[in-house]
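Below is one structure, written out as structure tokens; the observations come after it.
The values are calculated or read from the model by the stated rules, or taken from the named source; none is laboratory data. Just so it is clear, the structure is predicted and the values come from calculations on it, not from any experiment. Note that each Cβ is placed from the backbone with ideal geometry, even for glycine, and that neighbours are counted across all protein chains shown. The area values use the complete protein model at the heavy-atom level, side chains included, leaving out ligands, DNA and RNA. Shrake-Rupley method; radii C 1.70, N 1.55, O 1.52, S 1.80 Å.
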Amino acid sequence: MPPDGPARVFERHRAIECRDLIEPDLLASLLDHCRRGSFVADHVDRLGSREVEAPQRVGVALNIVLSRPPFLHWVEVVTGCQDLHRVEGRLVQTRANGLDALDWHNDTHDDAAGARRLGITVNLSDAAYEGGGFELRKTATQEMLTRYCHDRAGSALIFDIAGDLEHRVLPLMSGGPRRVFTGWFVQALLRFRSDHRPDLQEGAACAVLLIMRVERRDRRKTLHRDRRGERQQVLSSRGVAGQCGQPARSEEMRRQ
Ligand SMILES: [Fe+2]
């Protein structure tokens, strides 16, 4: 997608949807890992509650996938944010239990390094649900800038993190769970907390396996296409020859 259109959308809404951001084969693997993942309750002080994947496998895998330089560069061009270093986030889910939700906040209260420049949520839900909408508004005037409901697995929303903005996640009304990777584009390398290090190693291994699986499948498709092309060339040569009952002659043979 050329960046001009998305850049205008981001400038106006301070957010941009990335439709089908995750490649289908990789998405299928991630959804499978999500289904088999385990989650623990996570209470966010004065904001609300949700569940977090523990240990983080899908979360750290997507940290690596989303931190690829070409994608970071595209995001820089669209949003105007410079020197994006990497994505840091995790897999979370909310349920229709009357409790899970996040009140208005701006993601800067616990960002001591001031490194978070943009937020991102990637939809990894495989069950339909109602509610769970994301809202972004100007803090001072309460002017609503974006209302967004994830409705397609593998699609993402990138939104601005700034002192004049705040966002929230509404409670689920039914269905679900609402499962998303949620994280930030950071401008500097953040130190991982000690309790995240085992997850990092496990998630990195998971990401490498997922990427290798997708690349291996792509190579098989290319090989299959090449072989089919060669077979069609042979068949088409035979077709010409078949009309006179003789094998096709090569250009070199014709010259002789
Ligand atoms: Fe947030």
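Rounded to whole Å, give me the distance from the Cα center of the stretch 1-45 to that of the stretch 95-116.
That distance is 17 Å.
Separation between the R46 and H73 pseudo-spin-labels, each 7 Å from Cα along Cα→Cβ, expressed in nm?
Placing both labels 7 Å beyond Cα along the Cβ direction yields 4.2 nm.
Would you work out if the stretch 109-154 is rounded, prolate or oblate? Take a ≥ b ≥ c from the square roots of the eigenvalues of the alpha-carbon gyration tensor; rounded if a/c is under 1.5, else prolate when a/b is larger than b/c, oblate otherwise. If you can, show how the numbers build up before the last one.
Details: a/c = 2.98, a/b = 1.43, b/c = 2.08.
Oblate.
Could you check how many percent of all C-alpha pairs in the stretch 4-212 are farther apart than 21 Å? Intermediate values should be presented prior to the final figure.
On the way: 11124 of 21736 pairs.
Tail fraction, whole percent: 51.
Under 1.5 on a/c is rounded, so check that first for the stretch 114-182, then, if it is not, pick prolate when a/b is larger than b/c and oblate when it is not; a ≥ b ≥ c are the square roots of the alpha carbon gyration tensor eigenvalues. Please report the intermediate quantities before stating the final value.
On the way: a/c = 2.73, a/b = 1.60, b/c = 1.71.
The shape class here is oblate.
Over the alpha-carbon set of the stretch 17-102, divide Rg by the Kirkwood Rh and report the Rg/Rh ratio to two decimals. Spell out each step's value before the answer.
Numbers: Rg = 15.1 Å, Rh = 14.7 Å.
So for the stretch 17-102, dividing Rg by the Kirkwood Rh gives 1.02.
Per-residue HN-Hα couplings for the stretch 54-64, Karplus 6.51 cos²θ - 1.76 cosθ + 1.60 at θ = phi - 60°, whole Hz, x for Gly and Pro?
Each residue of the stretch 54-64 in turn: 8, x, 6, 10, 4, x, 6, 4, 6, 3, 6 Hz.
Using a 7 Å offset from the Cα along the Cα-to-Cβ direction at both Q82 and R35, what is the distance between the two label points in nm, to one decimal?
Simple spin-label model gives 4.7 nm for this pair.
Mind checking the per residue accessible area of the stretch 120-170 for me, 1.4 Å probe, whole number of Å²?
Working: 2030 Å² over 51 residues.
For the stretch 120-170, the solvent-accessible area averages 40 Å² per residue.
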